[in-house]
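Quick note: the coordinates plus some simple rules give every number you see, no bench work behind them. Note that this is a predicted model, so its numbers are computed, not measured. Every residue, glycine among them, receives a Cβ derived from its backbone with ideal geometry; neighbour counts consider all protein chains shown.
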Ligand code: AMP
């Protein structure tokens, strides 16, 4: 029940008018803390109800303002125009019984019209960092009285190169009392850096639970001998599986380009997206996929973030993602809206332990699949520990061809590692112990 929150009656009236009955988990967790004025770092995906989780506390802060509209009081920064439009709509729906007004500033819109809108001074300003900074530099935007800043899809803003702009805009808000940061993933060093710079003693709410994985998606692994063998399997899957659209994930752009090249050589209509591609390539790829001109996308995680394409029902992990969280994120793209999906991870000798860590994180076991037409020799470790990891495989002396030699040298029970929990609060602890993968995005 939304009435459990200390929200203004005008907001509760809007909640009722919108037929929101039960708060979603992210709303239940974030709204009370945000109402207390805490800084929050929330890991939650689009579709979780995260927008209302910040819009309601922000509106609650502004609803009783005695002063007429003279200053911007709240700033919502987000990565794209589409997200800005959706968020503005959500704010307007919740503010319908109040006098609070919101405005939007994004790239690709008329600069002068935006300046005119700013002269009317909205209470809440929503928009993308680049254009906001341009308006600020042009002297059209005053942020001195902003009390609360929301950074929505902060991980994606970082991926899009907005980190400096975001920090600069936060720095332009000297009256800022509260900052709420939302991201779809737990992010990397860049996000941690931003959190350290802009949040004060934040509470971390982790809502990206494994249960968000769609039940309609089958999850399989296929063992492979090496990368060329993986490519053969990919080609077999693309030729023989029934799917509308497929996405192949790699951990590096070099590998993405290589797979793409081989697919194109085989006349597969494909597109590739990675960190070297610009916004135009990205738009084109997404358009072609949406319109059905291409059926296959090869992508790195960063490039694929935020991608929302209907009918994406086959996900192939050419490389295993580096964390359980990223796995959930990748696989979350399939089987949307109740459709069936298939996720296949290709596992070489060196991928096995990461794969088994992810199984433990998900608390489920992937279906082992063998395709006789492209069957190789590697079929998993000879012996596995109770954890599912290869027994006796040592970090340094790993035998690249197999684990036989190492297994023979060592008793499986020798020097047991401390029995770490399956997953820490952010589900990453067991996976983090891997040494970092080399080439990154
Ligand atoms: P979001 O994750 O914020 O993009 O929200 C996804 C969709 O769910 C939006 O259309 C919201 O209006 C809707 N929504 C969010 N919270 C609730 C709720 N508690 N009850 C019903 N619908 C909701």
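Most exposed first by the Cβ proxy, i.e. fewest other Cβ within 10 Å, how do 1, 160 rank? If you can, show how the numbers build up before the last one.
On the way: 1 9, 160 20.
Ordered by Cβ neighbours within 10 Å, fewest first: 1, 160.
Got a sec? How would 162, 182 order by Cβ neighbour count within 10 Å, fewest to most? If you can, show how the numbers build up before the last one.
Values: 162 24, 182 27.
Final ranking by Cβ density, sparse to dense: 162, 182.
In Å, what is the Rg of the alpha-carbon atoms in region 217-374, and how long is Dmax?
In order Rg, Dmax, the Cα atoms of region 217-374 give 14.4, 41 Å.
Would you compute the Debye intensity of region 2-206 from its alpha-carbon atoms alone, equal scatterers and no solvent, and pass along log10 I(q)/I(0) at q = 0.14 Å⁻¹ to two decimals?
-0.76
May I ask you to sort 250, 242 by Cβ crowding, counting other Cβ atoms within 10 Å and putting the fewest first? Before the final figure, lay out the partial values.
On the way: 250 25, 242 8.
Lowest count first: 242, 250.
Find how much the distance from residue 93 to residue 279 grows on full extension, using 0.36 nm per residue of separation minus their present alpha carbon separation; answer in nm with one decimal. If you can, show how the numbers build up before the last one.
Values: separation 186, 0.36 × 186 = 66.96 nm, distance 3.09 nm.
Gain on stretching residue 93 to residue 279: 63.9 nm.
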